[in-house]
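Remarks on the structure that follows.
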Amino acid sequence: MPMSTPGRYRRALEKLTGEPPATKTALIAILLPEIETALASGKTRRQIWQRLVEDGFDLSYDTFHSTLWRVQRKPRITAATRRKTPEVSERAAEQLTEEPGHDPLANLRKVERSRPGFHYRATENLDVLVHGKRESREQSKR
């Protein structure tokens with residue numbers, strides 16, 4: 001029975017990720033967590049390099065040092081984990097789509113009301129500000 005296309009490609013990628021890296025920079029990037037752990041435990045870069053050379057790593061110390069420096073400063077990119085999308089019940093989906101009184105600025109208004117201190121809210125009528133007099137609606141419409 002033929003394998004599904006996504007499954008076949010997934011297996012090919014898994015096989016590719018299982019192979020050793022093509023460049024020494026990539027190898028140092030893969031080993032970076034262990035290298036940083038060794039550095040944090042008090043080992044020097046030279047001691048780490050010597051141990052790697054003893055195990056067959058062929059790279060000069062200067063190249064190792066500069067490559068490690070570059071890899072440490074490079075932002076780390078991690079692969080996104082595959083997650084199943086959460087299943088939403090029909091009732092919950094209806095509630096999400098049908099909110100009759102939904103106010104997108106409700107959080108902002110709540111924070112604004114609870115701010116400490118004095119906050120001037122402008123008014124159009126100077127008499128209300130200075131004398132505290134309120135006009136009737138008929139007078140303000142003129």
statement: Of the residues in the stretch 111-142 that are among the polar types (S, T, N, Q) and at pLDDT 70 or above, the one that is surrounded by the most Cβ atoms within 10 Å (Cβ to Cβ) is 125
message: Going through 30, 35 one at a time, which residue ends up being touching a helix residue (DSSP H, G or I) at 6+ places or on another chain (Cβ under 8 Å) and either over 14 Å from residue 71 (Cβ atoms) or not polar (S, T, N, Q) (or both)?
response: 35
statement: Checked pairs for the stretch 37-60, first closer than 16 Å to residue 24 by Cα, second modelled with pLDDT under 95 and of a type in the set (Lys, Arg), C-beta under 7 Å and 6 or more apart or across chains, list as 59/24
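The values are calculated or read from the model by the stated rules, or taken from the named source; none is laboratory data. Model, not experiment: these values are computed from the prediction. Cβ atoms come from the backbone with ideal geometry, glycine included; neighbour counts cover every protein chain shown.
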